[in-house]
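I'd like to ask some things about the structure below.
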Amino acid sequence: EWDRWLLMGLIGTAVGMLGFFIHQIIDSLIKLKWDLVENYLQVSKRNNLYLLTGQDGNIHMTWLCALGFGLAMVVLSSGSVLFICPAGSPSGLPEIIGYLNGTSIRHLFNIKTFLGTFVSCVLAVASGLFCGPEGPMIHLGALLGCGLSQLQSDTLGIHLPIFTRFRNSADKRSFITAGAGAGIASVFRAPIGGLLFTLEEVSSFWDIRLAWQTFFCCLMATFTMDLLSSSFCGFVYRGHFGFFEAEKRILFWNLLDMNVLAFIPTILLGMLGGLLGALFVSLNIKINKLRMWFFNSIPKLSLRKTSKLLETVLILMRTTTCYIFTLLMFCISPHLFLCVAAAALLVENGKQGIAYLFKRGTHEEFGYASLCTALAFYFILSCWTAGSAVASGLVIPMLYTGALYGRIVGLILVSIFGVQTNEYGAWIDPGLFAAIGAASFFSGVSRLTISLTVIMVSMLS
(Lines give C-alpha, C1' and ligand atoms only; values in the text may rest on other atoms or scores of the structure.)
Protein backbone atom coordinates (compact mmCIF):
# COMPACT_ATOMS: atom_id res chain seq x y z
CA GLU A 1 0.00 0.00 0.00
CA TRP A 2 3.03 2.36 0.03
CA ASP A 3 2.21 3.66 -3.44
CA ARG A 4 -1.35 4.54 -2.38
CA TRP A 5 -0.08 6.51 0.61
CA LEU A 6 2.53 8.20 -1.60
CA LEU A 7 -0.17 9.30 -4.04
CA MET A 8 -2.34 10.60 -1.21
CA GLY A 9 0.58 12.68 0.02
CA LEU A 10 1.31 14.03 -3.47
CA ILE A 11 -2.34 14.93 -4.02
CA GLY A 12 -2.50 16.74 -0.66
CA THR A 13 0.70 18.65 -1.40
CA ALA A 14 -0.54 19.65 -4.86
CA VAL A 15 -3.91 20.81 -3.49
CA GLY A 16 -2.16 22.86 -0.79
CA MET A 17 0.06 24.55 -3.39
CA LEU A 18 -2.95 25.24 -5.60
CA GLY A 19 -4.87 26.76 -2.67
CA PHE A 20 -1.88 28.96 -1.87
CA PHE A 21 -1.67 30.24 -5.44
CA ILE A 22 -5.42 30.90 -5.62
CA HIS A 23 -5.46 32.94 -2.42
CA GLN A 24 -2.31 34.87 -3.32
CA ILE A 25 -3.64 35.78 -6.76
CA ILE A 26 -7.02 36.82 -5.34
CA ASP A 27 -5.39 39.00 -2.66
CA SER A 28 -3.05 40.57 -5.23
CA LEU A 29 -5.91 41.40 -7.62
CA ILE A 30 -8.04 42.88 -4.83
CA LYS A 31 -5.11 44.99 -3.64
CA LEU A 32 -4.46 46.17 -7.20
CA LYS A 33 -8.11 47.13 -7.65
CA TRP A 34 -8.33 49.15 -4.47
CA ASP A 35 -4.95 50.77 -5.00
CA LEU A 36 -6.38 52.14 -8.24
CA VAL A 37 -9.65 53.18 -6.60
CA GLU A 38 -7.85 54.95 -3.73
CA ASN A 39 -6.34 57.35 -6.25
CA TYR A 40 -9.83 58.82 -6.61
CA LEU A 41 -10.79 58.75 -2.91
CA GLN A 42 -10.13 61.19 -0.15
CA VAL A 43 -11.73 61.80 3.24
CA SER A 44 -12.07 65.46 4.14
CA LYS A 45 -13.74 67.34 7.00
CA ARG A 46 -16.17 70.14 6.19
CA ASN A 47 -18.53 71.76 8.68
CA ASN A 48 -17.72 69.06 11.27
CA LEU A 49 -18.73 66.30 8.81
CA TYR A 50 -16.37 63.65 7.43
CA LEU A 51 -16.98 63.46 3.69
CA LEU A 52 -15.82 60.74 1.31
CA THR A 53 -15.20 62.38 -2.04
CA GLY A 54 -13.54 61.56 -5.30
CA GLN A 55 -10.68 63.43 -6.87
CA ASP A 56 -11.80 67.03 -7.41
CA GLY A 57 -15.05 66.14 -5.64
CA ASN A 58 -16.19 63.63 -8.27
CA ILE A 59 -17.29 60.41 -6.54
CA HIS A 60 -18.50 59.00 -9.86
CA MET A 61 -14.89 58.40 -10.93
CA THR A 62 -14.51 56.11 -7.93
CA TRP A 63 -17.56 54.13 -8.99
CA LEU A 64 -16.42 53.94 -12.62
CA CYS A 65 -12.92 52.80 -11.66
CA ALA A 66 -14.15 50.05 -9.33
CA LEU A 67 -16.85 48.98 -11.76
CA GLY A 68 -14.56 48.94 -14.81
CA PHE A 69 -11.93 46.82 -13.08
CA GLY A 70 -14.59 44.44 -11.76
CA LEU A 71 -16.36 44.17 -15.12
CA ALA A 72 -13.16 43.19 -16.89
CA MET A 73 -12.63 40.35 -14.42
CA VAL A 74 -16.23 39.13 -14.31
CA VAL A 75 -16.52 39.02 -18.10
CA LEU A 76 -13.39 36.85 -18.29
CA SER A 77 -14.61 34.75 -15.37
CA SER A 78 -18.04 34.09 -16.82
CA GLY A 79 -16.71 33.64 -20.35
CA SER A 80 -14.24 30.99 -19.23
CA VAL A 81 -16.99 28.71 -17.87
CA LEU A 82 -19.54 29.46 -20.58
CA PHE A 83 -17.34 29.11 -23.64
CA ILE A 84 -14.41 26.96 -22.40
CA CYS A 85 -15.60 24.57 -19.68
CA PRO A 86 -19.35 24.46 -18.90
CA ALA A 87 -18.63 21.74 -16.31
CA GLY A 88 -16.92 24.37 -14.13
CA SER A 89 -20.09 26.38 -13.46
CA PRO A 90 -21.01 27.35 -10.82
CA SER A 91 -19.14 25.49 -8.07
CA GLY A 92 -18.73 21.89 -9.23
CA LEU A 93 -19.60 20.41 -5.83
CA PRO A 94 -22.99 18.93 -6.86
CA GLU A 95 -21.32 17.35 -9.89
CA ILE A 96 -18.60 15.82 -7.70
CA ILE A 97 -21.20 14.39 -5.32
CA GLY A 98 -23.18 13.03 -8.26
CA TYR A 99 -20.11 11.41 -9.80
CA LEU A 100 -19.05 9.75 -6.53
CA ASN A 101 -22.55 8.33 -6.20
CA GLY A 102 -22.56 6.69 -9.62
CA THR A 103 -23.52 9.40 -12.12
CA SER A 104 -21.32 9.78 -15.19
CA ILE A 105 -20.75 13.42 -16.17
CA ARG A 106 -18.87 14.36 -19.33
CA HIS A 107 -15.83 16.67 -19.23
CA LEU A 108 -15.92 16.87 -15.43
CA PHE A 109 -12.27 15.83 -14.98
CA ASN A 110 -10.40 17.17 -17.99
CA ILE A 111 -7.71 19.85 -18.26
CA LYS A 112 -9.99 22.44 -19.87
CA THR A 113 -12.34 22.18 -16.91
CA PHE A 114 -9.42 22.58 -14.49
CA LEU A 115 -8.04 25.69 -16.21
CA GLY A 116 -11.46 27.26 -16.74
CA THR A 117 -12.52 26.67 -13.13
CA PHE A 118 -9.22 28.04 -11.80
CA VAL A 119 -9.40 31.24 -13.88
CA SER A 120 -13.12 31.76 -13.26
CA CYS A 121 -12.83 31.24 -9.50
CA VAL A 122 -9.92 33.66 -9.08
CA LEU A 123 -11.49 36.41 -11.18
CA ALA A 124 -15.01 36.00 -9.76
CA VAL A 125 -13.86 36.41 -6.17
CA ALA A 126 -11.49 39.29 -6.98
CA SER A 127 -14.09 41.11 -9.08
CA GLY A 128 -16.20 42.04 -6.06
CA LEU A 129 -19.03 39.51 -6.37
CA PHE A 130 -20.32 38.21 -3.04
CA CYS A 131 -18.82 34.74 -3.35
CA GLY A 132 -15.83 32.71 -2.20
CA PRO A 133 -13.35 30.13 -3.57
CA GLU A 134 -14.45 27.17 -1.42
CA GLY A 135 -16.76 25.29 -3.82
CA PRO A 136 -14.35 25.55 -6.77
CA MET A 137 -11.47 24.49 -4.49
CA ILE A 138 -13.34 21.24 -3.75
CA HIS A 139 -13.79 20.70 -7.50
CA LEU A 140 -10.15 21.56 -8.23
CA GLY A 141 -8.98 19.25 -5.44
CA ALA A 142 -11.05 16.43 -6.92
CA LEU A 143 -9.57 17.18 -10.35
CA LEU A 144 -6.04 16.93 -8.97
CA GLY A 145 -6.96 13.70 -7.18
CA CYS A 146 -8.21 12.25 -10.45
CA GLY A 147 -5.33 13.48 -12.61
CA LEU A 148 -2.43 12.55 -10.30
CA SER A 149 -3.83 9.10 -9.56
CA GLN A 150 -4.53 8.17 -13.19
CA LEU A 151 -1.48 9.87 -14.79
CA GLN A 152 -3.07 9.85 -18.21
CA SER A 153 -4.72 12.43 -20.41
CA ASP A 154 -6.42 11.92 -23.74
CA THR A 155 -6.27 15.69 -24.39
CA LEU A 156 -2.48 15.83 -24.01
CA GLY A 157 -1.87 12.30 -25.22
CA ILE A 158 -0.14 11.30 -21.98
CA HIS A 159 -0.28 7.72 -20.64
CA LEU A 160 2.50 7.21 -18.09
CA PRO A 161 3.31 3.56 -17.29
CA ILE A 162 3.30 4.01 -13.49
CA PHE A 163 0.56 3.54 -10.89
CA THR A 164 -1.42 1.63 -13.50
CA ARG A 165 -3.10 -0.54 -10.87
CA PHE A 166 -5.14 2.49 -9.76
CA ARG A 167 -6.75 2.92 -13.19
CA ASN A 168 -10.06 1.45 -12.14
CA SER A 169 -13.34 2.98 -11.06
CA ALA A 170 -13.11 2.17 -7.33
CA ASP A 171 -9.60 3.56 -6.77
CA LYS A 172 -10.30 6.56 -8.96
CA ARG A 173 -13.29 7.49 -6.79
CA SER A 174 -11.19 7.07 -3.63
CA PHE A 175 -8.56 9.54 -4.85
CA ILE A 176 -11.22 11.97 -6.03
CA THR A 177 -12.81 11.81 -2.56
CA ALA A 178 -9.44 12.50 -0.91
CA GLY A 179 -8.76 15.41 -3.28
CA ALA A 180 -12.14 16.97 -2.53
CA GLY A 181 -11.49 16.71 1.22
CA ALA A 182 -8.03 18.23 0.77
CA GLY A 183 -9.64 21.15 -1.08
CA ILE A 184 -11.88 22.06 1.85
CA ALA A 185 -9.06 21.37 4.35
CA SER A 186 -6.70 23.79 2.57
CA VAL A 187 -9.29 26.58 2.58
CA PHE A 188 -10.03 26.41 6.31
CA ARG A 189 -6.73 24.88 7.52
CA ALA A 190 -8.84 22.11 9.06
CA PRO A 191 -7.65 18.58 8.12
CA ILE A 192 -10.15 16.84 10.41
CA GLY A 193 -12.89 19.10 9.06
CA GLY A 194 -11.95 18.12 5.51
CA LEU A 195 -12.16 14.44 6.40
CA LEU A 196 -15.55 14.81 8.10
CA PHE A 197 -16.85 16.95 5.23
CA THR A 198 -16.17 14.17 2.73
CA LEU A 199 -17.75 11.64 5.07
CA GLU A 200 -20.84 13.74 5.79
CA GLU A 201 -21.43 15.46 2.46
CA VAL A 202 -19.49 14.00 -0.45
CA SER A 203 -19.10 10.24 -0.48
CA SER A 204 -21.57 7.38 0.03
CA PHE A 205 -19.01 4.52 0.03
CA TRP A 206 -16.60 4.54 2.96
CA ASP A 207 -14.21 2.36 4.93
CA ILE A 208 -11.66 2.91 7.69
CA ARG A 209 -8.67 2.59 5.35
CA LEU A 210 -10.00 5.36 3.10
CA ALA A 211 -10.66 7.49 6.18
CA TRP A 212 -7.01 7.36 7.31
CA GLN A 213 -5.69 7.97 3.80
CA THR A 214 -8.06 10.91 3.24
CA PHE A 215 -7.01 12.39 6.58
CA PHE A 216 -3.34 12.09 5.56
CA CYS A 217 -4.13 13.82 2.26
CA CYS A 218 -5.99 16.64 4.08
CA LEU A 219 -3.13 16.98 6.56
CA MET A 220 -0.57 17.37 3.76
CA ALA A 221 -2.76 19.99 2.03
CA THR A 222 -3.10 22.02 5.24
CA PHE A 223 0.61 21.75 6.05
CA THR A 224 1.67 22.80 2.53
CA MET A 225 -0.75 25.75 2.55
CA ASP A 226 0.53 26.95 5.95
CA LEU A 227 4.17 26.41 5.03
CA LEU A 228 3.97 28.53 1.88
CA SER A 229 1.73 31.18 3.48
CA SER A 230 4.20 31.56 6.35
CA SER A 231 6.73 33.35 4.17
CA PHE A 232 4.84 34.84 1.21
CA CYS A 233 2.29 37.64 1.06
CA GLY A 234 1.15 38.67 -2.39
CA PHE A 235 3.99 36.58 -3.86
CA VAL A 236 6.48 38.79 -1.98
CA TYR A 237 8.91 36.87 0.25
CA ARG A 238 8.79 38.29 3.78
CA GLY A 239 11.04 35.79 5.54
CA HIS A 240 10.17 33.54 8.50
CA PHE A 241 9.82 30.45 6.32
CA GLY A 242 8.10 27.73 8.33
CA PHE A 243 7.15 30.08 11.19
CA PHE A 244 3.41 29.67 11.81
CA GLU A 245 2.07 32.82 13.50
CA ALA A 246 -0.90 31.96 15.71
CA GLU A 247 -2.65 35.31 15.37
CA LYS A 248 -2.78 34.96 11.60
CA ARG A 249 -4.68 31.68 11.84
CA ILE A 250 -6.52 31.77 15.14
CA LEU A 251 -9.19 34.39 15.69
CA PHE A 252 -10.08 33.57 19.32
CA TRP A 253 -6.67 32.65 20.69
CA ASN A 254 -7.51 33.75 24.27
CA LEU A 255 -9.81 31.54 26.31
CA LEU A 256 -13.25 32.80 27.33
CA ASP A 257 -15.01 31.84 30.54
CA MET A 258 -18.59 30.93 29.77
CA ASN A 259 -21.81 31.61 31.67
CA VAL A 260 -24.88 29.41 31.41
CA LEU A 261 -26.86 32.50 30.37
CA ALA A 262 -24.89 32.57 27.10
CA PHE A 263 -26.81 29.51 25.93
CA ILE A 264 -30.05 31.51 25.71
CA PRO A 265 -28.90 33.84 22.86
CA THR A 266 -27.00 30.89 21.37
CA ILE A 267 -30.21 28.86 21.05
CA LEU A 268 -31.98 31.88 19.56
CA LEU A 269 -29.15 32.32 17.04
CA GLY A 270 -29.44 28.64 16.10
CA MET A 271 -33.18 28.99 15.46
CA LEU A 272 -32.60 32.22 13.51
CA GLY A 273 -29.90 30.50 11.43
CA GLY A 274 -32.28 27.67 10.56
CA LEU A 275 -35.07 30.08 9.54
CA LEU A 276 -32.81 32.38 7.52
CA GLY A 277 -31.02 29.38 6.00
CA ALA A 278 -34.34 27.92 4.85
CA LEU A 279 -35.34 31.31 3.43
CA PHE A 280 -32.00 31.60 1.61
CA VAL A 281 -32.34 28.13 0.06
CA SER A 282 -35.96 28.75 -0.91
CA LEU A 283 -35.17 32.09 -2.56
CA ASN A 284 -32.18 30.61 -4.36
CA ILE A 285 -34.28 27.74 -5.74
CA LYS A 286 -36.88 30.22 -7.01
CA ILE A 287 -34.19 32.43 -8.57
CA ASN A 288 -32.57 29.44 -10.30
CA LYS A 289 -35.93 28.19 -11.59
CA LEU A 290 -36.66 31.64 -13.01
CA ARG A 291 -33.13 31.78 -14.41
CA MET A 292 -33.51 28.36 -16.04
CA TRP A 293 -36.92 29.24 -17.50
CA PHE A 294 -35.63 32.48 -18.99
CA PHE A 295 -32.46 31.02 -20.51
CA ASN A 296 -34.25 27.95 -21.87
CA SER A 297 -36.70 30.24 -23.65
CA ILE A 298 -33.81 31.53 -25.80
CA PRO A 299 -33.52 29.07 -28.72
CA LYS A 300 -30.06 30.01 -29.99
CA LEU A 301 -27.17 28.59 -27.93
CA SER A 302 -24.80 31.51 -28.52
CA LEU A 303 -27.46 34.03 -27.43
CA ARG A 304 -28.23 31.91 -24.38
CA LYS A 305 -24.57 31.92 -23.29
CA THR A 306 -24.30 35.66 -23.96
CA SER A 307 -27.39 36.25 -21.81
CA LYS A 308 -25.83 34.30 -18.95
CA LEU A 309 -22.69 36.41 -19.24
CA LEU A 310 -24.75 39.61 -19.22
CA GLU A 311 -26.49 38.44 -16.05
CA THR A 312 -23.17 38.21 -14.22
CA VAL A 313 -22.30 41.69 -15.48
CA LEU A 314 -25.62 42.96 -14.11
CA ILE A 315 -24.98 41.32 -10.73
CA LEU A 316 -21.54 42.93 -10.51
CA MET A 317 -22.92 46.35 -11.45
CA ARG A 318 -25.55 46.09 -8.70
CA THR A 319 -22.97 44.88 -6.18
CA THR A 320 -20.40 47.59 -6.94
CA THR A 321 -23.02 50.34 -7.00
CA CYS A 322 -24.44 49.20 -3.66
CA TYR A 323 -21.23 49.21 -1.69
CA ILE A 324 -19.69 52.33 -3.27
CA PHE A 325 -22.71 54.59 -2.74
CA THR A 326 -23.59 53.06 0.63
CA LEU A 327 -20.03 53.76 1.71
CA LEU A 328 -20.50 57.35 0.53
CA MET A 329 -23.71 57.61 2.58
CA PHE A 330 -22.04 56.42 5.80
CA CYS A 331 -19.07 58.71 5.28
CA ILE A 332 -21.29 61.81 5.43
CA SER A 333 -21.12 61.70 9.20
CA PRO A 334 -19.74 63.66 12.16
CA HIS A 335 -17.85 60.50 13.20
CA LEU A 336 -14.98 59.14 11.16
CA PHE A 337 -15.30 55.67 12.75
CA LEU A 338 -18.69 55.17 10.99
CA CYS A 339 -16.95 55.65 7.64
CA VAL A 340 -14.17 53.24 8.65
CA ALA A 341 -16.65 50.62 9.90
CA ALA A 342 -18.70 50.79 6.70
CA ALA A 343 -15.53 50.47 4.64
CA ALA A 344 -14.46 47.41 6.64
CA LEU A 345 -17.83 45.69 6.06
CA LEU A 346 -18.56 46.66 2.47
CA VAL A 347 -15.24 47.26 0.72
CA GLU A 348 -12.87 44.70 2.20
CA ASN A 349 -12.86 41.20 0.78
CA GLY A 350 -15.12 38.73 2.55
CA LYS A 351 -12.35 36.88 4.38
CA GLN A 352 -11.00 40.08 5.92
CA GLY A 353 -14.50 41.30 6.75
CA ILE A 354 -15.25 38.10 8.66
CA ALA A 355 -12.05 38.56 10.67
CA TYR A 356 -13.22 42.08 11.60
CA LEU A 357 -16.62 40.81 12.72
CA PHE A 358 -15.10 37.98 14.78
CA LYS A 359 -12.66 40.31 16.52
CA ARG A 360 -12.95 40.26 20.31
CA GLY A 361 -13.13 43.38 22.47
CA THR A 362 -14.70 45.59 19.76
CA HIS A 363 -18.07 46.01 21.45
CA GLU A 364 -19.07 49.31 19.83
CA GLU A 365 -16.92 49.34 16.70
CA PHE A 366 -19.83 48.57 14.35
CA GLY A 367 -23.23 50.24 14.63
CA TYR A 368 -26.70 48.90 13.91
CA ALA A 369 -27.03 50.86 10.66
CA SER A 370 -23.86 49.56 9.03
CA LEU A 371 -24.48 45.95 10.20
CA CYS A 372 -28.13 45.86 9.05
CA THR A 373 -27.28 47.46 5.69
CA ALA A 374 -24.44 45.03 5.04
CA LEU A 375 -26.67 42.12 6.10
CA ALA A 376 -29.40 43.07 3.64
CA PHE A 377 -26.91 43.50 0.79
CA TYR A 378 -25.01 40.29 1.46
CA PHE A 379 -28.10 38.15 1.92
CA ILE A 380 -29.82 39.31 -1.28
CA LEU A 381 -26.81 39.66 -3.56
CA SER A 382 -25.12 36.41 -2.50
CA CYS A 383 -28.42 34.58 -3.04
CA TRP A 384 -28.60 36.08 -6.54
CA THR A 385 -24.93 35.33 -7.28
CA ALA A 386 -25.22 31.65 -6.29
CA GLY A 387 -25.96 29.72 -9.46
CA SER A 388 -24.79 32.42 -11.89
CA ALA A 389 -22.32 31.60 -14.64
CA VAL A 390 -19.09 31.93 -12.63
CA ALA A 391 -17.11 29.35 -10.66
CA SER A 392 -17.78 30.44 -7.10
CA GLY A 393 -18.54 29.15 -3.63
CA LEU A 394 -21.01 30.10 -0.92
CA VAL A 395 -19.02 29.48 2.25
CA ILE A 396 -17.62 33.02 2.64
CA PRO A 397 -21.05 34.65 2.04
CA MET A 398 -22.68 32.20 4.47
CA LEU A 399 -20.11 32.91 7.19
CA TYR A 400 -20.30 36.65 6.53
CA THR A 401 -24.12 36.78 6.60
CA GLY A 402 -24.31 34.76 9.82
CA ALA A 403 -21.56 36.84 11.42
CA LEU A 404 -23.48 40.03 10.63
CA TYR A 405 -26.72 39.03 12.36
CA GLY A 406 -24.75 37.36 15.15
CA ARG A 407 -22.93 40.66 15.70
CA ILE A 408 -26.30 42.45 15.77
CA VAL A 409 -27.53 40.11 18.52
CA GLY A 410 -24.30 40.70 20.43
CA LEU A 411 -24.73 44.46 20.04
CA ILE A 412 -28.29 44.19 21.41
CA LEU A 413 -26.92 42.41 24.50
CA VAL A 414 -24.28 45.13 24.93
CA SER A 415 -27.02 47.79 24.65
CA ILE A 416 -29.00 46.03 27.41
CA PHE A 417 -26.21 45.04 29.81
CA GLY A 418 -23.46 47.45 28.82
CA VAL A 419 -19.80 46.67 28.16
CA GLN A 420 -18.79 44.09 30.76
CA THR A 421 -15.20 44.00 31.94
CA ASN A 422 -15.62 41.54 34.83
CA GLU A 423 -15.04 37.82 34.33
CA TYR A 424 -18.73 36.96 34.88
CA GLY A 425 -19.95 39.19 32.04
CA ALA A 426 -17.07 38.73 29.59
CA TRP A 427 -19.25 36.42 27.47
CA ILE A 428 -21.29 39.45 26.36
CA ASP A 429 -19.02 40.06 23.40
CA PRO A 430 -20.38 40.78 19.88
CA GLY A 431 -17.37 39.02 18.34
CA LEU A 432 -18.29 35.78 20.10
CA PHE A 433 -21.88 35.91 18.86
CA ALA A 434 -20.68 36.79 15.37
CA ALA A 435 -18.83 33.44 15.31
CA ILE A 436 -21.90 31.60 16.63
CA GLY A 437 -24.13 33.34 14.07
CA ALA A 438 -21.74 32.41 11.26
CA ALA A 439 -21.92 28.75 12.26
CA SER A 440 -25.71 28.88 12.56
CA PHE A 441 -26.31 30.31 9.09
CA PHE A 442 -23.72 28.01 7.50
CA SER A 443 -25.46 25.05 9.12
CA GLY A 444 -28.92 26.33 8.19
CA VAL A 445 -28.03 26.55 4.50
CA SER A 446 -25.80 23.48 4.15
CA ARG A 447 -27.37 21.29 6.88
CA LEU A 448 -23.89 20.24 7.98
CA THR A 449 -23.40 19.58 11.69
CA ILE A 450 -20.34 17.61 12.81
CA SER A 451 -17.89 18.67 10.10
CA LEU A 452 -19.04 22.29 10.38
CA THR A 453 -18.42 22.27 14.14
CA VAL A 454 -14.90 20.94 13.63
CA ILE A 455 -14.20 23.51 10.88
CA MET A 456 -15.39 26.40 13.07
CA VAL A 457 -13.37 25.17 16.06
CA SER A 458 -10.29 24.88 13.79
CA MET A 459 -10.82 28.45 12.61
CA LEU A 460 -11.44 30.00 16.00
CA SER A 461 -9.23 28.19 18.48
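Toward the positive end of the charge dipole of the chain, about the Cα centre and with charges on Cβ (Lys, Arg +1; Asp, Glu -1), which of Tyr356, Leu143, Val15 goes farthest?
Among Tyr356, Leu143, Val15, the one farthest towards the positive end of the dipole of the chain is Leu143.
Subtract the Cα-Cα distance of Val313 and Arg238 from 0.36 nm times their separation in residues, and report this length gain in nm to one decimal.
Between Val313 and Arg238, full extension yields an extra 23.3 nm.
Averaged over every viewing direction, what's the projected area of the C-alpha convex hull for the range 1-236? Give it in nm², one decimal, please.
Taking the Cα atoms of the range 1-236, their convex hull projects to 15.5 nm² on average.
Of the chain, which part is the longest with no GluC sites (Glu not before Pro) in a loop (DSSP not H, G, I, E, B) and with at most 14 other C-beta atoms within 10 angstrom?
2-244
Compute the length gained on full extension between Leu275 and Val457: take 0.36 nm times their separation in residues and subtract their Cα-Cα distance, giving the result in nm to one decimal.
63.2 nm
Same structure again: Can you list residues whose amide H is under 5 Å from Cys233's amide H, if they're 5+ apart or on another chain and H is modeled 1.01 Å from N?
Sorted by chain and number, the residues that satisfy this are Arg238.
Roll a 1.4 Å probe over the protein chains and send me the accessible area per residue for the chain in Å².
45
Of all the accessible heavy-atom surface of the chain, with the other protein chains kept in place and a 1.4 Å probe, what percent is carbon and sulfur?
Carbon and sulfur together cover 68 percent of it.
Label Ile208 and Met61 with points 7 Å out from Cα along Cα→Cβ: what is the distance between them in nm?
Placing both labels 7 Å beyond Cα along the Cβ direction yields 6.9 nm.
Another question, then. Sticking with the crude label model, points 7 Å out along Cα→Cβ, report the distance from Leu115 to Leu160 in nm, one decimal please.
Distance between label points: 1.9 nm.
Here's a follow-up. Output ³J(HN,Hα) for the range 350-367: one whole-Hz value per residue in order, computed from phi by the Karplus curve 6.51 cos²θ - 1.76 cosθ + 1.60 with θ = phi - 60°, and x for Gly and Pro.
Per residue, the Karplus-derived 3J(HN,Hα) values read x, 4, 5, x, 5, 4, 4, 5, 7, 5, 7, x, 10, 4, 10, 6, 10, x Hz.
Here's a follow-up. For the range 139-223, which trypsin sites (Lys or Arg not before Pro) pass both filters: DSSP loop (anything but H, G, I, E, B) and at most 15 other C-beta atoms within 10 Å?
Here the trypsin sites (Lys or Arg not before Pro) that fit, given the DSSP loop and packing criteria, are Arg167.
Step through the residues of the range 212-224 one at a time and calculate ³J(HN,Hα) from phi using the Karplus curve (6.51 cos²θ - 1.76 cosθ + 1.60, θ = phi - 60°), rounding each to whole Hz and writing x for Gly and Pro.
Result, rounded to whole Hz: 5, 5, 5, 4, 4, 5, 5, 5, 5, 5, 5, 5, 5.
Right, another one. Considering Cα pairs under 8 angstrom that are at least six residues apart, work out the relative contact order of the range 1-236 and quote it in whole percent.
With pairs under 8 Å counted, the relative contact order is 27 percent.
Using the crude model of +1 on Lys and Arg Cβ and -1 on Asp and Glu Cβ, and no other charge, please compute the dipole size for the range 1-236 relative to its Cα centre, in debye to 20.
Roughly 160 debye, rounded to the nearest 20.
Spin-label point model (7 Å from Cα, Cβ direction): what's the Ser302 to Leu6 distance in nm?
5.0
If the reach is capped at under 23 angstrom between alpha carbons, list the lysines near Lys172, excluding any in the same chain fewer than eight residues apart.
Lys112
Residue separation times 0.36 nm, minus the C-alpha to C-alpha distance between Ser169 and Ala376: what's the value?
70.0 nm is the gain from fully extending Ser169 to Ala376.
Something else about it: Hey, what number do you get for the chain at 222 nm if only DSSP H runs of n ≥ 4 count, each worth -39500 (n - 2.57), divided across all residues, to the nearest 500?
The helix-only estimate for the chain comes to -23000 deg cm²/dmol at 222 nm.
The values are calculated or read from the model by the stated rules, or taken from the named source; none is laboratory data. Quantities reported herein were computed from a predicted structural model and do not represent experimental measurements. Cβ atoms come from the backbone with ideal geometry, glycine included; neighbour counts cover every protein chain shown. Ligands, DNA and RNA are excluded from the accessible area calculation, which covers all protein heavy atoms including side chains. Shrake-Rupley method; radii C 1.70, N 1.55, O 1.52, S 1.80 Å.
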